[in-house]
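Asker: Have a look at this one before I ask anything.
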Amino acid sequence: MLVMLRPGLAYCVTEGQAVFLDLTADRYFALSPAKTAAFSDCLIEDHSPEAKPALRYFIDAGILVIGVADATGRALPNIQLPARDAPLLPDVSVRRQTLVRAMAILLATRFKQIYRPKALFAFGLEARWWKLGANVSGRGRLGDLLEAMSYAERLLPLRLNCVSRTRALKYFLACYGVDTDMIVGVRLHPFSAHCWLQVDDIVLNDTLEGIAPYTVIRGIK
């Protein structure tokens, strides 16, 4: 019997336990070390007869599904593991229009965090942000754009969690045609999750030291 991870789930193994992110339900959950070992056995293509009870358990739990129908369209995006901090740049002059756009996105993100928190993990970018920069490449201005968002955050000390801050920066950079990956990481003992933004393997809104305790569980384009 061929099985696959249920669409909408992502997982990683950290400290000997499988940790799952359910984007649809906006929740995390973990398996015990024993169940993690059984889960790993279920993902092997040639299952042993002893794996059948475990297969049924994970299917009934909604973690695995039978078959690979439409699996191609639901594949998780390929992402690079973080390897570099964003380079430190000298002070730059922030353009007024760029700053206003960054502030508007921060305010909209704060509103969404309050009234539509589950939408922060929606797949892909919303069209209204993406269309602003569809034919523009701002990769050469990346330092200027990061400084503009940093300045906007200082002017608007909003209470944004890491998901909201990362989502806001992703939207903002997309306005200028910069393609980025939103990365979610987890750790155990105590459990916590963290989110940051990358261009290729460059961490944009955190540091390698800051994200070191976390194991990457999912990348979101």
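Asker: Filtering the stretch 15-42 down to residues that are of a type in the set (S, T, N, Q) and modelled with pLDDT under 95, which residue is surrounded by the fewest Cβ atoms within 10 Å (Cβ to Cβ)?
Answerer: Thr24
Asker: Yes or no: the stretch 96-119 includes at least one residue that is under 30 Å from Lys35 (Cβ atoms), at pLDDT below 70, basic (Lys, Arg) and loosely packed, with under 14 Cβ neighbours inside 10 Å.
Answerer: Yes, there is a match, as at least one residue in the stretch 96-119 is under 30 Å from Lys35 (Cβ atoms), at pLDDT below 70, basic (Lys, Arg) and loosely packed, with under 14 Cβ neighbours inside 10 Å.
Asker: In addition: When the residues of the stretch 43-69 are narrowed to those that are of a type in the set (Gly, Ala, Ser) and loosely packed, with under 14 Cβ neighbours inside 10 Å, which ends up farthest from Met4 (Cα to Cα)?
Answerer: Filtering first and then ranking leaves Ser48.
Asker: Among the residues of the stretch 41-70, what is the count of those that are among the small types (Gly, Ala, Ser), closer than 20 Å to Val186 by Cβ and touching a residue at least 24 places away in the same chain (Cβ under 8 Å)?
Answerer: Adding up the residues that qualify gives 1.
Asker: Another question, then. Give the stretch 21-37 a look and list any residue that's touching a Lys or Arg at 6+ places or on another chain (Cβ under 7 Å) and part of a loop (DSSP other than H, G, I, E, B), or say none.
Answerer: Asp26
The values are calculated or read from the model by the stated rules, or taken from the named source; none is laboratory data. What you are looking at is a predicted structure, and each value in this text was computed from that prediction instead of being measured. Neighbour counts are summed over all protein chains in view; Cβ atoms, including those assigned to glycine, are modelled from backbone coordinates with ideal geometry.
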